[in-house]
Amino acid sequence: MQSFLTRQKRKSSPEPVKNEGDGDEPTEIKLAILSSLHPQLDQEVLLDVLLAHEGSVSEASASLQTTRALKKGSGGVGYQQSLRSFTTCHGKSSPANKKLKAKKGSTLHLYDPADVAEHTPCTIIHNLLPAEVANDLLKELLNEAESFEKITFKLFDNVVSSPHTSGFFVESYDEIQRQKTDYHYNGARLTDVRRITPQLIKVKPLVQEAVNKEIQSRIKTRYPGGRKLRHQSPHPWTPNSAFVNCYNGPQQSVGWHSDQLTYLGPRAVIGSVSLGVAREFRVRRILPRDGDDRTAEDADAEGQISIHLPHNSLLVMHAEMQEEWKHCVTPAPSIDPHPISGNKRINITYRDYRANMHPRFTPRCTCGVPCVLRVVQRKRENFGKYFWMCHASNVPGKEGCSFFQWAEFDEDGNPILKGRPSETDKIGV
Ligand SMILES: O=C(O)CCC(=O)C(=O)O
Ligand SMILES: [Fe+2]
């Protein structure tokens with residue numbers, strides 16, 4: 001593949017080639033042809049355009065000639081025009097556009113908010129805050145991050161630590177105490193819980209307003225019948241806590257995961273603000289398997305989608321995200337340093353901890369620890385069903401128990417809690 005993609009220097013006055021490469025050739029060959037016609041363009045841009053034109057090299061080439069081409073910058077996170085500008089020949093929201101998606105083993109890079117909304121369970125707002133406000137928030141959190149630590153947890157009998165540092169912020173001293181005594185994360189209590197900072201307080205209503213607007217517009221334009229999803233809260237999203245992550249340099253990252261729903265409830269919405277160095281946020285849809293089928297390589301079966309998160313952007317992870325998709329921040333080959341933060345990226349995820357998901361109401365396992373809420377993602381038979389289970393075994397040196405109980409929620413996501421069951425029925429997870 002690489003040999004096809006290594007570009008020779010050619011004349012940069014591409015001629016449209018009718019029908020060449022429009023047949024069943026592999027994508028690499030089509031890309032190589034397109035690349036030879038448009039040597040000034042990046043492979044990823046060419047792939048986007050090719051996919052947008054359903055693999056037709058001639059159509060892709062013709063559209064590129066009428067579109068201003070953008071060169072890749074310094075090797076950091078790049079900037080690209082909207083995919084919409086490459087698909088104008090199909091009309092507005094054409095069926096062809098719907099087919100545009102990442103292929104197995106490949107990554108579709110999205111920069112334009114309309115593309116992100118169309119192809120992922122997220123929406124993005126660029127330039128969220130007045131520039132000064134964003135810079136002040138960044139400076140304040142860089143200062144906090146000086147004392148952030150990596151989180152350590154147990155993974156398959158190994159103790160590992162997160163490849164970035166983080167801190168957790170709540171709204172009052174009482175809440176700090178409650179977090180330290182009542183709440184559990186990976187089976188253990190948090191030790192570093194902090195009082196929300198002045199700049200985090202200042203920004204919160206702006207994030208809240210923007211997220212609620214995005215939720216309403218998502219429901220109206222994307223959900224069946226223009227109605228909220230089953231188990232999604234009908235109430236306005238009201239953030240009352242914030243996890244802050246610091247990625248110091250291109251190698252710091254966070255692996256593939258879905259966010260924990262234990263205290264947020266089902267169909268949670270999360271508002272994620274990015275500051276400093278721009279990094280790639282990747283998402284992929286979870287493909288459940290049948291029964292015991294272990295052959296399917298589901299991890300990358302639909303390919304990955306990369307959403308580029310510049311300084312001062314808000315990514316809204318909508319209600320369909322945590323149950324059906326996974327996300328990560330990949331290590332970057334290189335980054336563009338930010339004038340204030342240098343190599344660092346700060347990320348804030350504002351979260352709405354729900355009163356009725358407080359650990360005093362939710363099931364405890366036999367170890368006596370409030371359970372973690374999880375959702376079936378791997379097996380098709382119970383896909384999307386919620387369950388409570390013990391997570392004490394995530395703590396280094398602890399064993400945990402086999403507690404398991406299906407979780408029930410009403411239409412609006414309120415937990416329907418029956419007493420504690422005495423036996424486990426661990427099936428179909
Ligand atoms: O840094 C980010 O953009 C995402 C962080 C994240 O996924 C998390 O904190 O759960
Ligand atoms: Fe996350």
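Here, each number is a calculation from the coordinates, and none is a lab measurement. This one's a predicted model, so the numbers in the text were calculated from it and none came from an experiment. Ideal geometry is used to build each Cβ from the backbone, glycine not excepted, and the neighbour counts take in all protein chains shown.
Taking the stretch 124-355, how many lysine pairs are there with alpha carbons less than 17 Å apart, if each pair must be eight or more places apart or span two chains?
Within the stretch 124-355, the lysine pair count is 7.
Amide H to amide H, which residues 5 or more places from SER241 or on other chains are under 5 Å from it, using H placed in the peptide plane?
Under 5 Å from the amide H of SER241: ARG351, TYR353.
At what distance in nm do the modelled label points of GLU381 and LYS150 sit from each other, each positioned 7 Å from its Cα along Cα→Cβ?
4.0
Compute the whole-percent fraction of alpha carbon pairs in the stretch 124-355 spaced more than 24 Å apart.
The answer is 47 percent, as a whole percent.
Give the Debye-formula value of log10 I(q)/I(0) at each listed q (0.12, 0.17, 0.24, 0.25 Å⁻¹), with one equal scatterer per alpha carbon of the stretch 302-397, two decimals each.
Result of the Debye calculation: -0.67, -1.06, -1.34, -1.38.
Show the residues, 5+ positions off or on another chain, whose built amide H is closer than 5 Å to the amide H of GLY342.
So GLY342 has HN proximity to no qualifying residue.
Could you point to the residue in GLN177, CYS328, ALA188 farthest towards the positive end of the stretch 124-355's charge dipole, with +1 and -1 charges on the Cβ of Lys/Arg and Asp/Glu respectively?
With unit charges placed on the Cβ atoms, the residue in question is GLN177.
Residue by residue, what Karplus-based ³J(HN,Hα) values in Hz, rounded to whole numbers, does the stretch 234-245 have, using 6.51, -1.76 and 1.60 with θ = phi - 60° and x for Gly and Pro?
Couplings: x, 7, x, 6, 10, x, 10, 7, 8, 8, 10, 10 Hz.
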